[in-house]
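Nothing in this text is a laboratory measurement; each read-out follows from the coordinates by a stated rule. On a predicted model such as this, the values are computed, not experimentally measured, just so you know. Counting neighbours? That spans all protein chains shown, and the Cβs are built from the backbone with ideal geometry, glycine included.
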Amino acid sequence: MNRKLILASESRHKKKILDRLHIAFSTTAPMIDETPGSGESALALSRRLAQRKAETIADRHPYATVISTDQAAEVDGIILGKPGTQQHACAMLQKLSGKTVSFFTSVGMIQPNASCLIHTEEVIVALRQLEDYEIIRYVNADMPLDCAGSFRVESLGISLFKSVKSEDPTALEGLPLIRLCQWLRDQGFEIP
């Protein structure tokens, strides 16, 4: 198979996840507005952005297979953003201490001359009760400034959890591979 595969992201974390499949791909950033709409849920936001990212790159590369992904998290009905600073990361983790957070990770795929497929995985994370010194120590060690929820599950962030419920463990990392692998196999990509 010689079809070009493009990941609609330049995130090093998402590249690393897709690298697990041992298939050739390139990356490009869709550069879209990711602001939540008024009253938009985390689930709706995740699905809308994954579709928009895929469509944006597919418009630029109409003969490629385009993969996209987006993740949004919410607690108590409020969407969690990315903290951006260590201070904001610590404050977010203090608010999340002892709570349950829902993560919605959507994956999209567009084939040439086809509509966008979208699939969303929900991952429910229960954080344990966290002490302030643990939060500070964690943020300094992992620097999760670009992560919704202020933690990296693929790193030291797992130490903050009480439990995780998911049908696809890669969804919490940012790219649900189980469904994506099926879609790619359906299109003739050899995995594994």
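Which part of the stretch 36-69 falls in the paramagnetic zone of K99, meaning amide N under 20 Å from the point 7 Å along Cα-to-beta-carbon? Backbone N within reach: 36-46. Here the calculated FRET efficiency for D19 and Q182, from their Cβ-Cβ distance with R0 = 25 Å, stands at 0.85, rounded to the nearest 0.05.
Each of the trypsin sites (Lys or Arg not before Pro) that DSSP puts in a loop and that has at most 15 other Cβ atoms within 10 Å breaks the chain; the longest unbroken stretch is 21-98.
Across the stretch 166-176, coupling constants 3J(HN,Hα) worked out from phi with the 6.51/-1.76/1.60 Karplus curve, θ = phi - 60°, read 6, 8, 9, x, 6, 4, 5, 6, x, 8, x Hz, and Gly and Pro carry x.
Evaluating 6.51 cos²θ - 1.76 cosθ + 1.60 at θ = phi - 60° for every residue in the stretch 125-131, the Karplus couplings come out as 10, 9, 8, 6, 5, 10, 7 Hz, glycine and proline recorded as x. Taking label positions 7 Å along the Cα-Cβ direction at both K162 and Q87, the computed distance is 3.0 nm, reported to one decimal. Counting only residues at least eight positions apart within a chain, or on another chain, the aspartates and glutamates with an alpha carbon under 13 Å from that of K165 are E121, E122. Sequence-ordered 3J(HN,Hα) estimates for the stretch 91-98 from the Karplus curve with 6.51, -1.76 and 1.60 and θ = phi - 60° stand at 5, 5, 5, 4, 5, 8, 3, x Hz, glycine and proline given as x.
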